[in-house]
Every structure is written in C-alpha cells, then in structure tokens.
Amino acid sequence: MTEKYAEKISMLMDDELHNQEAVNLIDGIKHDEWLKQCWERYHLISDALKNNLPSLVKHDLGNRLSAALEAEQTYRLNPHKPHNNVTYLKPVMGLALAASVAVVAFLLAPWESATMAPSLQPQQASQQASIDAPTPQLSGMLASDQLNSPQTVSQPGVQTSPELKVEPVLYDYLVDHNEYTDSAYVQSSMLPYVRIVGYSSNVNENH
Amino acid sequence: MGKSSADLELVERVQRGDKKAFDILVLKYQHKVVKLISRYLHEPNEILDVAQEALIKAYRGLPNFRGESAFYTWLYRIVINTVKNYVVAQGRRPLETETTSLSEGEPLLDEPNLKENATPEHLLLRDEIERTVFEVIEELPEDLRTAITLRELEGLSYEEIAEAMSCPIGTVRSRIFRAREAINTRLKPLLEEER
C-alpha cells in the first residue's frame with residue numbers, strides 16, 4: 001500500500017500524475033508524515049543527481065518557515081487559471097459555431113423557398129411555354145443570364161398562355177427579386193433554383 | 001483528463017488559503033534555494049535567515065503569481081534579489097560571482113573559488129549523500145539506470161523515455177520509481193542517524 005503511494009509521489013514530482021489523483025495525493029502529503037518524508041527524500045535524490053545539494057543539507061528550514069507563516073495572512077483568492085487549459089476548447093467551439101450556422105441555414109431554407117414561391121411562376125411559365133411552343137429563337141435565349149431573367153417569359157416568338165403573362169410594370173421587380181434570390185442562395189452555398197429548372201434540356205428534347 | 005503540474009496545483013492551493021501547500025513547495029525547493037544563497041553567503045545561520053526571508057517574500061507575492069513562468073523561475077528571482085539586498089544592507093563587498101550574471105534556472109555548479117564556510121560535518125553529510133546516490137545508480141540494472149538518468153538528467157517525459165527505450169509508459173513509470181526507491185532505501189540509515 002505504501003509502495004503504491006510512493007510510486008504516485010514519484011509520478012507527481014515528474015508531473016506525470018493525472019489531475020484528480022494529484023489533488024488527492026497532495027492532500028495526503030499534507031497530512032501524512034510518511035508521505036511528506038517520501039516527497040522530501042525523492043527531491044533530495046533528484047537534487048543530488050543534479051549536483052544541486054548545498055553543503056548545508058541538514059537544516060530545519062521547513063519547520064522555521066512553517067512557524068513564520070503562522071503570522072502571515074491566509075489568502076482567499078480565485079486562482080488564475082493558465083490559458084493553455086482551455087486551448088483544447090477552441091476547435092470544439094469552432095465546430096459548434098459551424099454546426100449552428102449550418103442548422104440555421106437548414107431551417108431557414110424552406111422558409112426562404114416559401115417566400116420566393118411567386119418568383120417561380122414566371123420561370124415555370126416560360127418553361128411550360130417553351131415545351132408547348134418551341135421556336136428556333138429560343139436557343140438564342142439560353143444564355144445563363146437570360147435564364148435567370150424574367151424577360152424570357154415575354155421574349156418575342158415565344159408563345160405563352162394569357163394567364164402567365166407578366167405585366168411590364170412588374171419586370172423591374174422581378175429582375176431585382178431574381179438578382180436578390182440568386183445572390184442569397186450563392187451566399188448560403190446553395191445553387192440558385194433557376195439553374196435546377198433544366199430549361200435547356202427540355203428545349204433540346206423537344207428539338 | 002490532463003496531467004497536473006504539481007507546482008501549479010500547490011500554488012493555486014496557497015492562493016485559495018491552504019498554507020500547508022506552501023510547506024510542500026518549500027520541501028521541494030529548499031535545497032536549491034539554500035544552494036543558491038550559499039553562493040553569496042557562507043555563514044549557515046545567515047543562509048537560513050535569508051532563505052526564510054526569501055520564502056516568506058515568495059509567500060506574500062503568491063497572489064500576484066499568474067503562472068506565466070515556471071514557479072521556480074519566479075522564486076529564483078525573489079531569492080536572488082533578497083540575497084543581494086541582504087549583502088548590500090550588510091555593507092559587504094559583492095563576491096566575485098555576484099558580478100557575473102546568473103541566468104534563471106541555471107544549474108548551481110560549485111566553483112573552486114567559492115569556498116563554502118560549511119562545517120566539516122555538513123560537508124561530510126553532503127558528500128556521503130552524493131556518494132551513496134551515485135553508488136546506487138551504478139549498481140542499478142541497466143534499464144532502471146537508463147530510465148532514471150533520462151528522467152533526472154535529461155529531463156525527458158515518461159512518453160519520451162518510453163519511446164527512447166521502446167517500452168510502455170507503465171514500464172517507464174515503474175523503472176523510475178524502483179530506481180528512486182533503491183536509492184531511498186540506501187539513504188535512509190544515513191539520513192535517520194543525522195536526525
């Protein structure tokens with residue numbers, strides 16, 4: 001049993017004992033004379049090995065100091081924790097932050113889609129129109145910037161059903177809206193919906 | 001769960017009001033402190049008085065110790081300042097070594113021009129302890145001797161020693177402990193007859 005504690009003292013002086021064990025052992029050293037002697041002798045051996053022993057090896061410095069400390073005040077401080085104790089938290093905090101952002105983006109995505117539903121109509125309308133009445137001019141309209149534009153709905157030569165026509169006064173609004181939604185999706189690392197529509201493939205199939 | 005720095009744990013205990021934790025720090029560093037002061041002073045009583053004064057200053061300064069440097073580095077500065085102030089207050093000329101700068105944590109090697117005024121009994125005991133320690137080290141099995149040497153003289157961690165000796169950390173721990181215990185067993189009669 002004593003050998004087990006002596007081995008722990010050996011580890012403690014080498015800073016190789018885990019936190020709670022160190023705390024318990026220090027409590028033991030404070031109250032047990034045998035453990036205290038063991039602690040003192042192991043350090044004496046260490047000092048002897050390193051040529052650190054003074055000629056005055058035998059002295060009562062410990063006892064003298066204990067008596068002198070009786071007159072000293074007792075501190076009640078909140079010890080300063082070393083900064084390196086929390087370094088392991090940094091990557092965890094980073095991951096937690098990234099996860100939070102991902103969750104927020106995931107939760108907001110359906111809501112944003114719902115609020116953008118009206119803007120889908122011109123795109124769907126033009127898609128439907130192109131399927132119903134393909135024209136040669138349509139291939140010229142397939143540049144990506146035009147695909148994102150509500151103007152495709154009313155391009156000359158493209159037949160659209162009357163109920164899908166968009167009032168000219170709404171063009172500016174739709175352009176602005178599409179630009180906004182594109183940039184919003186890009187910022188959230190998602191593809192803009194207009195690219196998923198597959199405008200060109202439908203057209204090609206019909207040709 | 002991390003490994004604990006014994007010094008930091010003890011310092012924090014003192015800062016929380018545990019005076020006895022300071023005694024444990026003193027037991028750890030008393031020989032180094034006395035050795036350091038012995039480079040400036042020769043009279044045993046003076047050495048112990050200055051050592052006590054320096055350690056009380058350290059105790060009083062502990063609330064300001066933030067653990068940004070090693071505890072011994074911090075203590076070393078206090079001891080050096082205390083002994084230098086003492087020498088100046090006594091109106092003595094500085095010793096030859098006092099004009100040379102001592103770096104923090106420098107090994108305290110004996111110098112031939114520094115004759116310590118210790119009594120023959122003191123010197124005899126120190127020499128006897130050192131002789132016994134090195135005798136036991138020589139007699140130890142090779143694996144124990146290598147482990148304790150790498151730890152004490154080279155300052156390697158258990159993990160580094162395990163790598164160097166190609167053995168598990170548990171074996172390193174056991175070898176170091178057995179080496180210390182072998183030396184301790186041989187020192188006991190010597191130290192107990194001096195008590």
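Here are the numbers for the structure shown:
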read-out: Any hit, region B:71-85, residues being farther than 19 Å from A:Met13 by Cα, in a helix (DSSP H, G or I) and at the interface with chain A (Cβ under 7 Å from one of its Cβ atoms); value: no
read-out: Residues (under 19 Å from A:Asn51 (Cβ atoms), more than 10 Å from chain A (Cβ to nearest Cβ) and touching a residue at least 12 places away in the same chain (Cβ under 8 Å)) located in region B:141-185; value: B:Arg145, B:Leu150
read-out: Given (1) more than 7 Å from chain A (Cβ to nearest Cβ); (2) crowded, with 20+ Cβ neighbours inside 10 Å; (3) in a helix (DSSP H, G or I), index of the condition B:Lys35 fails; value: (1)
read-out: B:Ala51 vs. criteria under 17 Å from the mean Cα position of the chain (by Cα), at pLDDT 95 or above, facing chain A (nearest Cβ under 8 Å) and in a helix (DSSP H, G or I); value: yes
read-out: Residue identified as among the aliphatic types (A, V, I, L, M) and over 17 Å from B:Asp23 (Cα atoms) among B:Ile80, B:Ile56; value: B:Ile80
read-out: Number of positions in region A:13-39 that are at the interface with chain B (Cβ under 7 Å from one of its Cβ atoms), of a type outside the set (A, V, I, L, M, F, W, C) and outside any helix (DSSP H, G or I); value: 4
read-out: Region B:38-48, subset more than 8 Å from chain A (Cβ to nearest Cβ) and assigned to a helix (DSSP H, G or I), residue surrounded by the fewest Cβ atoms within 10 Å (Cβ to Cβ); value: B:Asn45
read-out: Helices (runs of 4 or more DSSP H) within region A:40-134 that include 2 or more residues under 49 Å from the mean Cα position of the chain (by Cα) and either at pLDDT 60 or above or more than 7 Å from chain B (Cβ to nearest Cβ) (or both); value: A:89-115, A:117-132
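The values are calculated or read from the model by the stated rules, or taken from the named source; none is laboratory data. Everything numeric here is computed off the predicted structure, so don't read it as measured data. In this analysis, Cβ positions are derived from the backbone assuming ideal geometry, glycine residues included, and neighbour counts consider all displayed protein chains.
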